[in-house]
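Report on one structure; see the data block that follows.
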Amino acid sequence: MQSAQTGNDVRVERLIEWLRDAHAMEAQAESMLSKQASRIEHYPELKARIEQHITETQNQAKLIETCLQRYDKSYSGFKDLGGKMMAMGQAMGGMTVNDEIIKGAQMGYVFENLEIASYEILIAAAKAVGDTQTEEICTRILAEEVAMADWLRSHLAELTQAYLTRAQAPNTEAKR
Ligand code: MG
Ligand code: FE
């Protein structure tokens, strides 16, 4: 329990702000990934991996809430929704271009790396204030983000080949 430290420690203030940012980021991730998965029709392997990561993402948001609640028992998580990640979310969410599957995977990889950076920062901040529970939780979440980023990167070439094969075939939808 770190509540006793919250006083006027600017390091704790930043940690709490960054946890709120991470919570907003995960809420945004869930909505982007859900939109993405629901639109995929011809790429079942990618769809299944995204669906697995939706489950992970929902759990991550809950874990971040537990970190925040140790500082503020009344924390609800609703205040921080729909903030900083909206632009990127719209870029990924509303895609109807003819290569939407490719752009979605590309932006997914970018977003996972944004998450990786966020958790590296949170781990360092948690360490700085001695919040070992937050450090441990963020280290676990980081591993899931790294796994998703690695999976996407290692499947981009295969996905592109599958997309181009479908795009070239007559009367075959490729974009989703
Ligand atoms: Mg995440
Ligand atoms: Fe993620």
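The values are calculated or read from the model by the stated rules, or taken from the named source; none is laboratory data. No experiment lies behind these values; they were computed from the predicted model shown. Virtual Cβ from ideal backbone geometry, glycine too; neighbours counted across all protein chains shown. Keep in mind that these areas ignore ligands, DNA and RNA; they rest on the heavy atoms of the full protein, side chains included. Shrake-Rupley method; radii C 1.70, N 1.55, O 1.52, S 1.80 Å.
Summing +1 for each Lys or Arg and -1 for each Asp or Glu, what net charge is found among the other residues whose Cβ lies under 9 Å from the Cβ of Ala61?
-2
How do the peptides 161-172, 133-144 rank, highest first, by the average count of neighbouring beta carbon atoms within 10 Å per residue?
Those peptides, ordered most packed to least, come out 133-144, 161-172.
Can you give the local net charge around Glu100? Use residues other than it whose beta-carbon is closer than 10 angstrom to its beta-carbon, Lys and Arg +1, Asp and Glu -1.
Residues close to Glu100 contribute a combined charge of +3.
Quick one: Cα centre-to-centre distance for segment 5-42 and segment 111-176, in angstrom?
Cα centroid of segment 5-42 versus Cα centroid of segment 111-176: 14 Å apart.
With r defined as the distance between the Cβ atoms of Val97 and Val146 and R0 fixed at 25 Å, what FRET efficiency is calculated, to the nearest 0.05?
Computed FRET efficiency for Val97 and Val146 comes out at 0.30.
Taking 45 Å as R0, compute the FRET efficiency from the Cβ-Cβ separation of Asn171 and Thr55 and round it to 0.05.
Computed FRET efficiency for Asn171 and Thr55: 0.80.
Excluding ligands, DNA and RNA, what is the solvent-accessible area per residue of segment 4-168 at a probe of 1.4 Å, expressed in Å²?
Computed with neighbouring chains in place, this is 51 Å² per residue.
For a Förster distance of 41 Å, can you work out the FRET efficiency between the beta-carbons of Arg11 and Gln106, rounded to the nearest 0.05?
Once the sixth-power term is evaluated, E becomes 0.70.
Based on the Cα gyration tensor of segment 4-168, what are the three equivalent ellipsoid semi-axes, each the root of five times an eigenvalue, rounded to whole Å and given largest first?
So the three semi-axes of segment 4-168 are 33, 15, 12 Å.
Determine the share of segment 128-167's accessible area contributed by carbon and sulfur atoms, expressed in whole percent, with a 1.4 angstrom probe.
Carbon-and-sulfur percentage of accessible area, whole number: 57.
Please compute the net charge surrounding Tyr119, taking Lys and Arg as +1 and Asp and Glu as -1 over other residues with Cβ under 10 Å from its Cβ.
Net charge in that neighbourhood comes out at -3.
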